[in-house]
Amino acid sequence: MAARSIATASISFGLVTVPVRIYPAVRVSAGLSFHLLHAKDQVRLKQQYICPKDEEVVPRSEMVKGFEYRKDRYVVFKDEELKALDEQATNGIEISEFLPGDAVDPVYYERTYYLGPDKGGEKGYSLLAQAMADVKEIALAKYAARGKSYLVLLRSTGDRLFMQQLYNSDEVRDIEEVPVTPRRNTDAEVKLARQLIEQITADAFHPDKYEDEVRKRVEKLIQQKLKGKDITPAPEERRPAEVVDLMEALKASLARKGGSARKPAPRAAVARPARAQAAGGRKK
C-alpha cells in the first residue's frame with residue numbers, strides 16, 4: 001500500500017528550490033489501553049472539568065486559555081489572539097548549513113519523516129539526494145508548520161531523503177547533570193568486557209528480530225481473563241541483594257555465550273556534541 005503524504009513543502013538552499021511531500025516514517029503503535037469504568041455497572045466514565053472555587057462543572061463553551069505570569073495570576077487570550085501568536089506556516093524547509101554526517105548526536109532526534117518529490121521536483125530531489133550522499137554530509141534546516149518553528153535535519157540514502165525533527169538545545173539536558181562516580185577499571189576487566197562485547201556484536205541492525213514482548217504477554221493474559229481464568233500473579237519472595245563480583249560475572253557471561261570472540265567489522269567513530277560529552281568543554 002502506497003504511503004500517503006501529510007504535508008507539502010519546498011527545500012531551499014541558495015537559489016535552488018525543490019518541492020517535496022512529507023510522509024510519516026513510522027506507524028502509530030496499536031498499543032493496548034485500559035479505560036476507567038464505574039465499578040458498580042462497568043460503564044465507561046467521562047472526563048469533566050470542575051472549577052475548584054465554585055465546585056461546578058465547566059462546559060467547554062465557558063473555557064478560555066491563559067498564561068500564568070505569576071503564581072495564580074493569568075493573562076487571558078482570545079482565540080483570535082492565540083492565532084496571532086502562532087508561527088506562520090511557510091511550508092519551506094530552509095537549509096542553513098551542511099554538516100559532516102555524524103555531527104549531530106542522536107540525543108537530539110525527536111521524530112523522523114520521509115521526503116518524496118512533489119510534482120515538478122523530481123530532478124532537483126534526485127540531484128540533492130545524490131550530491132549529499134557523495135559528500136557524506138547532512139543538512140541542518142528550519143521548518144515552520146502547525147503554528148511552530150522546527151529545527152530539522154535532512155539525510156540522504158543516495159536516492160531518497162528523509163527529515164528528522166530535532167529537539168532544541170534548551171530541551172536536552174546536559175549529561176553532566178547525571179551523577180557518576182569516577183572509577184579506574186583494571187586492564188583485565190576491560191579485556192573481559194571487550195571480549196563479551198565482541199561475542200554479541202552483529203554486522204547490521206535487523207529490527208525484525210525484535211518485537212513487543214510485553215504487549216504479547218498482556219494480550220495472552222487478557223485472553224485468559226476472558227475465558228474466566230485467574231491471572232493474579234503469585235506473590236514473589238524477596239531475595240536479599242547479592243553483591244556481584246564484576247570479574248566473575250564477566251567470566252560467567254563469556255562462558256554462557258561460549259565460543260571464541262570474533263572481531264567486529266570496523267566502524268567509523270561518532271563525533272558527539274559537547275553537550276553529550278562526559279568530559280571537556282560544554283556547549284552553551
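The values are calculated or read from the model by the stated rules, or taken from the named source; none is laboratory data. No experiment lies behind these values; they were computed from the predicted model shown. Neighbour counts are summed over all protein chains in view; Cβ atoms, including those assigned to glycine, are modelled from backbone coordinates with ideal geometry. Only protein heavy atoms, including side chains, enter the accessible area calculation; ligands, DNA and RNA are left aside. Shrake-Rupley method; radii C 1.70, N 1.55, O 1.52, S 1.80 Å.
Most tightly packed first, judged by the mean number of other beta-carbon atoms within 10 Å of their residues, the peptides 245-254, 53-62 read 245-254, 53-62. Once the Cα-Cα distance is subtracted from the 0.36 nm per residue extended length, the T17 to L85 segment shows a gain of 21.7 nm. When I6, I22 are compared by accessible area at a 1.4 angstrom probe, the order from most to least is I6, I22.
For the set Y114, Y143, the ranking by accessible area, highest first and with no ligand, DNA or RNA atoms included, is Y114, Y143 under a 1.4 Å probe.
In the complete set of protein chains, residue-level accessible area for L221 is approximately 50 Å², probe 1.4 angstrom.
At the residue level, I95 shows approximately 20 square angstrom of accessible surface with a 1.4 angstrom probe and all protein chains present.
With a ≥ b ≥ c the root eigenvalues of the C-alpha gyration tensor of the stretch 126-258, is it rounded (a/c under 1.5), prolate (a/b larger than b/c) or oblate? Oblate shape, in that a/c is at least 1.5 and b/c is the bigger or equal ratio.
Quote the Stokes-Einstein diffusion coefficient, in whole µm² s⁻¹, for the stretch 1-118, based on the Kirkwood radius over alpha carbon pairs, a temperature of 20 °C and a viscosity of 1.002 mPa s. Value of D from the Cα-based Kirkwood radius: 105 µm²/s.
Lysine pair count for the stretch 158-233 with Cα-Cα distance under 27 Å and sequence separation of 8 or more or different chains is 5. For K53, the lysines whose Cα comes closer than 28 Å to its Cα, not counting residues fewer than 8 places off in the same chain, are K65, K71, K78. Electrostatic bookkeeping for A139 treats Lys and Arg as +1 and Asp and Glu as -1; over the other residues with beta carbon under 9 Å from its beta carbon, the sum is -1. The ellipsoid that matches the Cα gyration tensor of the stretch 151-229 has semi-axes, each √(5λ) in whole angstrom, of 34, 28, 21, with the longest given first.
Orientation-averaged projection of the stretch 120-177 equals 5.7 nm² [convex hull of Cα atoms, one quarter of hull surface area]. For the stretch 60-160, the alpha carbon convex hull comes to 173 Å³ per residue, rounded to a whole number. Over the stretch 1-150, what percent of the accessible surface lies on carbon and sulfur atoms, probe 1.4 Å? That share works out to 53 percent.
Extension gain, R194-L45: 0.36 nm per intervening residue step, less the Cα-Cα distance, totals 48.2 nm. A 1.4 Å probe run over the stretch 181-234, with the rest of the protein chains in place, finds 94 Å² accessible per residue.
For the pair R183 and D245 in one chain, pulling the backbone fully straight at 0.36 nm per residue adds 20.8 nm over the alpha carbon distance. Spin-label model, V218 to A252: label points 7 Å out along the Cα-to-beta-carbon direction sit 3.2 nm apart.
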